[in-house]
1. Only residues that are assigned to a loop (DSSP other than H, G, I, E, B) and either within 16 Å of ligand 1 (Cβ to nearest atom) or in contact with a Phe, Trp or Tyr (Cβ under 9 Å, 6 or more places away or on another chain) (or both): list them for segment 134-170, please.
2. Tell me, yes or no, whether segment 38-50 has at least one residue that is touching a helix residue (DSSP H, G or I) at 6+ places or on another chain (Cβ under 9 Å), within 16 Å of ligand 1 (Cβ to nearest atom) and within 23 Å of PRO161 (Cβ to Cβ).
3. Quick check on segment 12-64: of everything there that is among the acidic types (Asp, Glu) and more than 25 Å from ILE180 (Cα to Cα), which residue is nearest to ligand 2 (Cβ to nearest atom)?
4. Within the set of pairs 6 or more residues apart or between chains, which connect a residue that is farther than 19 Å from MET80 by Cα and among the hydroxyl-bearing types (Ser, Thr, Tyr) inside segment 91-111 to a residue that is modelled with pLDDT of 95 or more and surrounded by 11 or more Cβ atoms within 10 Å (Cβ to Cβ) with Cβ atoms less than 8 Å apart?
5. Here are some residues: LEU53, LEU101, LEU61, LEU71. Which one is in contact with a helix residue (DSSP H, G or I) (Cβ under 8 Å, 6 or more places away or on another chain), in a loop (DSSP other than H, G, I, E, B) and of a type outside the set (Gly, Ala, Ser)?
6. Name the residues in segment 1-22 that are outside any strand (DSSP E or B) and away from ligand 1 (no atom under 14 Å from the Cβ), would you?
7. Within segment 188-201, track down each residue that is over 18 Å from ILE7 (Cα atoms) and either surrounded by 14 or more Cβ atoms within 10 Å (Cβ to Cβ) or touching a residue at least 60 places away in the same chain (Cβ under 8 Å) (or both).
8. If a residue must be aliphatic (A, V, I, L, M), within 14 Å of ligand 2 (Cβ to nearest atom) and surrounded by fewer than 20 Cβ atoms within 10 Å (Cβ to Cβ), how many such residues does segment 124-171 contain?
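The values are calculated or read from the model by the stated rules, or taken from the named source; none is laboratory data. None of the values given here were measured: they were computed from a predicted structure. All Cβ positions, even for glycine, are placed from backbone atoms using ideal geometry, and neighbour counts span all protein chains on display.
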Amino acid sequence: MKKVELIDVSKSYDKKTEVITNINVTIEPGEFFVLVGPSGCGKSTMLRMIAGLEDITAGVLKIGDEEVNNLPPSKRNISMVFQNYALYPHLSVEENIVFGLHVKKIPKAERKARCEETAKMLGLSDYLKRKPRELSGGQRQRVALARAIVNQAPICLMDEPLSNLDAKLRAHMRSEIRQIQRKLGITMIYVTHDQVEAMTMGDRIMILHDGKIQQIGKPIDIYNNP
Ligand code: ADP
Ligand code: ADP
């Protein structure tokens, strides 16, 4: 569990137009924090800055108590799940799950043990030898989740991870993600444009509008003061 702190953070891609303006927020350790807002309001940019995939134009970003403005993504100990899953088609489910552990030179026995534990948690134990194309949409989504949590990073970022699923599966995966996040005590920053997802999943919700905080609070408070 680690906190993520943004202090007066702004971002412009072209030095003229700001797409993120003066964001101040502390995401608490173990919190499920949802970022919501219309397309183009800056949600992905915020996630990518926290992950280190984009530079910050002004302000300070802290992970735990450490300022990380100049720290590359690989040193931030953050895992990320993307909208399109980004699985490697030529690798099996098992190879997809442990790919990052391989890169980090985790020994084989530990890779195997962690993979099996994670696969069990997500109901993937019987599918480890399959290729992504041999899986249903929901199973692919689970592989993407497994690949993120197998790292045991204290912070996880998710960018609209359920938008490719049908409504029923989406509802199921919402509660599954919440359960895993609670069980592992991960600090979660979750991007969606779906209000129901935001309201049902978030400990706190931040509504972004044109790169600024329009509203921030618990779902119940936002529901009562729309
Ligand atoms: P959201 O995730 O809420 O849809 P984004 O963070 O993707 O919003 O985009 C915020 C704004 O930044 C948009 O106006 C978008 O056009 C712009 N933008 C995003 N990425 C880039 C980029 N790489 N270069 C220039 N502008 C960008
Ligand atoms: P959905 O339509 O719900 O996404 P699918 O029809 O794609 O589900 O898959 C249903 C079941 O069949 C799943 O359990 C999936 O693992 C299995 N399956 C799908 N495609 C293949 C395949 N090419 N080879 C083996 N099993 C498959």
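1. So the first thing to find is which residues in segment 134-170 are assigned to a loop (DSSP other than H, G, I, E, B), and the list is 135-136, 150-154, 160-166.
Residues satisfying the conditions are LEU135, GLU160, PRO161, LEU162, SER163, ASN164.
2. Of all residues in segment 38-50, those touching a helix residue (DSSP H, G or I) at 6+ places or on another chain (Cβ under 9 Å) come to none.
The answer is no; no qualifying residue exists.
3. We begin by selecting, within segment 12-64, every residue among the acidic types (Asp, Glu); these are 14, 18, 28, 31, 54-55.
The next check asks that each one be more than 25 Å from ILE180 (Cα to Cα); those that pass are 14, 18, 54-55.
Values: ASP14: 41, GLU18: 41, GLU54: 33, ASP55: 38 Å.
Filtering segment 12-64 for residues that are among the acidic types (Asp, Glu) and more than 25 Å from ILE180 (Cα to Cα), the one nearest to ligand 2 (Cβ to nearest atom) comes out as GLU54.
4. Cβ pairs passing all conditions: SER92/LEU128; SER92/ARG130; SER92/LYS131.
5. Numbers: LEU101 fails: in a loop (DSSP other than H, G, I, E, B); LEU61 fails: in a loop (DSSP other than H, G, I, E, B); LEU71 fails: in contact with a helix residue (DSSP H, G or I) (Cβ under 8 Å, 6 or more places away or on another chain).
Step by step, each of LEU53, LEU101, LEU61, LEU71 is checked, and only LEU53 is in contact with a helix residue (DSSP H, G or I) (Cβ under 8 Å, 6 or more places away or on another chain), in a loop (DSSP other than H, G, I, E, B) and of a type outside the set (Gly, Ala, Ser).
6. Those that are outside any strand (DSSP E or B) and away from ligand 1 (no atom under 14 Å from the Cβ): MET1, LYS2, LYS3.
7. Going through segment 188-201, the residues over 18 Å from ILE7 (Cα atoms) turn out to be 188, 190-201.
MET188, TYR190, VAL191, THR192, HIS193, ASP194, GLN195, GLU197, ALA198, MET199, THR200, MET201 - these are the residues of segment 188-201 that are over 18 Å from ILE7 (Cα atoms) and either surrounded by 14 or more Cβ atoms within 10 Å (Cβ to Cβ) or touching a residue at least 60 places away in the same chain (Cβ under 8 Å) (or both).
8. Looking only at segment 124-171, we keep the residues that are aliphatic (A, V, I, L, M), and these are 124, 128, 135, 143-146, 148-150, 153, 155, 157-158, 162, 165, 167, 169, 171.
From what's left, within 14 Å of ligand 2 (Cβ to nearest atom): 124, 128, 135, 143, 162, 165, 167, 169.
Subset that is surrounded by fewer than 20 Cβ atoms within 10 Å (Cβ to Cβ): 128, 135, 165, 167, 169.
Qualifying residue count for the region: 5.
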